[in-house]
Each structure stands twice: as C-alpha cells, then as structure tokens.
Amino acid sequence: MNAVTQVIAAVVQKVTAVINRIMTVFSPRGDSVDVADMQLTTLQYKDIAGVDPNKLAVDVYTDPDFSDRPVMIFIHGGGLKNGDKRNDGAYLAKAPHFVSNDYVYVSVNYRLSPGVVSPSHIEDVADAVMFVHDNIADYGGDPNQIFVMGHSAGAYLATLLATNEKYIEGAGGDLSMIKGVVSLDVWAYMSVADWQQGVLSSDPAERFDAVPANHVDSDKGIPPFLIFYRDGSSQESVTRDQTAFSDLLLANGVPAASVLGVNDDHIELNREVGTVGDEKTAIIMEFLADPTRVASIAAGYGFTAT
C-alpha cells in the first residue's frame, strides 16, 4: 500500500467512524417515546407588575410517562432585544429531538431591551432555571440533571449564568445545579464593549459583572462547557473571543472544548441542532452523557480542545 493509498484509507476510516457515531446517537432507543405523545405546558416562573406574563414563562416539552429524566433548558437569542421561546430555532427541531431521546426540554423567555437593561435579562434566566429546578419533577424531569443551552445572546446568558454565581445564588440556587453548558455562537465571552446601546447598564460594576471571563475561577465548580462557533475572515474576532474563553476555562480546570461549525452561518448553526444527521447534535448528545469528557468527545470528531 503506497503513501497516497494509506492516507485515503485513513481518511475513509475516520469518516466512517464519525458517521457510525452519529448514527448511534440518532438510532431509536428501546425506551424512546413517540414524539406524537410529546406534551407542551407553559408555566409562568414569576410575576412582575406591568410585564407581559409570556416574557416570564417557560415552555416545558415532556412525555406523560417520563420520570427522573435529564433536563435541557434552552435560552433563545436575539441580541437581548428580540426573540421568543417559540422561535423556530428554539423548539422546532430541538423539542422533539430531546424528548425522543428521553430528555425533558424547556424553552425560556425573559424580558427584553429596551424595556429593561442588564442585569434584568440574566436575573430572569436565573429565576427561570431555579423555577425549573424546583418544579420539573412534576413533569418527569430530574432536578439533579439540568443542562443549559443557548444561542447567540441566549448563549451569552447561559455562559454568564454558569460563571457569575451571583445570579443563580440570588435566585436561591448555586452553580452545582447546572451540569453542563452548550453555547451556540456568541461573541461576548471576553468583553461586552461592543454590545448595543440600551442593552447593558451604564454602571461600571454592573458592566464588570456582565462579562463572563471576569468570573472564571478554578474554585467555583463551574460546569463543563461545549462551545460551537463559526469561522471565516469576517469572523476572526469572534473566533478569537470564543477560543480565548475556552482556553481560559481549561486553564482554570474547567472541562471545555470549542468546535467549529463548518459551513454554518449564525442562524443555521442553531437551527440544525436536533435535526437528523447533524454532527453538532451528535457531539452535544455525547457531551450530555458525560460532560467531563468534552475534550475527548470533540477530538473524536476531529476537533481539538480549543
């Protein structure tokens, strides 16, 4: 076998292995539910006078036969100014995918700017996660197996929630409630200087608190992170921000990996999660099964830890 043939054989072997792993993740499990049995319940997690109740609500997707199932909480994007828990990218593929793989799936709403500025968004998300923790057993979920995923601004909120403990503690919980974070394409890990006006507080202390990187520490028990991002010349600063944050987590002993969403734009990267054959989804499902192995899981699909 000459050198070229050996290289081709190695590539074929690698591609075959990845395909097999994806098919394993998406193969029906013996105890999987029929998606037709999926039930949706909308619950309000807190009341604020004058605020639309829908902005303070969660959608819970479950199956009536569920008991003690892991929970995936999703936080929608939209620049902290737009979006909803029922945007296509928030539930259309994700809810049936997670329920059919024996997860209770929860999509979260929160107040939006310009009606509020930080820290109102993250305080709402923290209250929502605490509410889910306290009530999800009634919908077949296990409060001791809660994972958080977000896209864009929602990924920023998920990241801030899991690094700056003041918010989840202010809601009555702690970081140990969150077993892992899936972050889908955001650029506000290391700085929020470029965030739109009217979104963040002008108070210097509040702006410091709003930067996830300012709160990474080895002694906090920050949960493992799986970070997805786009690449390309127009996204160089985004790539640097995301890989720098992953490096910071690793330097502080937090299991983490950054994964490049090849050929994905900002919207597709999110919408494809939960669709059949999507490699990102396969990586996510392996991560959820054992978050501490995130670096080796990413490496198994050909990605390095950063």
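The values are calculated or read from the model by the stated rules, or taken from the named source; none is laboratory data. Since the structure is predicted, the reported quantities are computational estimates derived from the model, not experimental observations. Every residue, glycine among them, receives a Cβ derived from its backbone with ideal geometry; neighbour counts consider all protein chains shown.
Annotations
- Of the strands (runs of 3 or more DSSP E) contained entirely in the range 102-203, those carrying at least 2 residues that are more than 14 Å from Gly78 (Cβ to Cβ), modelled with pLDDT of 95 or more and in contact with a Pro (Cβ under 7 Å, 6 or more places away or on another chain) fall at 141-151, 178-184.
- Members of the range 262-296 that are assigned to a helix (DSSP H, G or I), of a type in the set (A, V, I, L, M, F, W, C) and free of Cβ contacts under 8 Å to residues at least 60 places away in the same chain: Ile283, Ala289, Ala295
- Top-ranked residue in the range 130-144 [being in contact with a Phe, Trp or Tyr (Cβ under 9 Å, 6 or more places away or on another chain) and on the phi < 0 side of the Ramachandran plot; ranked as surrounded by the fewest Cβ atoms within 10 Å (Cβ to Cβ)]: Asn135
- When Asp84, Asp47 are screened for being surrounded by 15 or more Cβ atoms within 10 Å (Cβ to Cβ) and assigned to a loop (DSSP other than H, G, I, E, B), only Asp84 passes.
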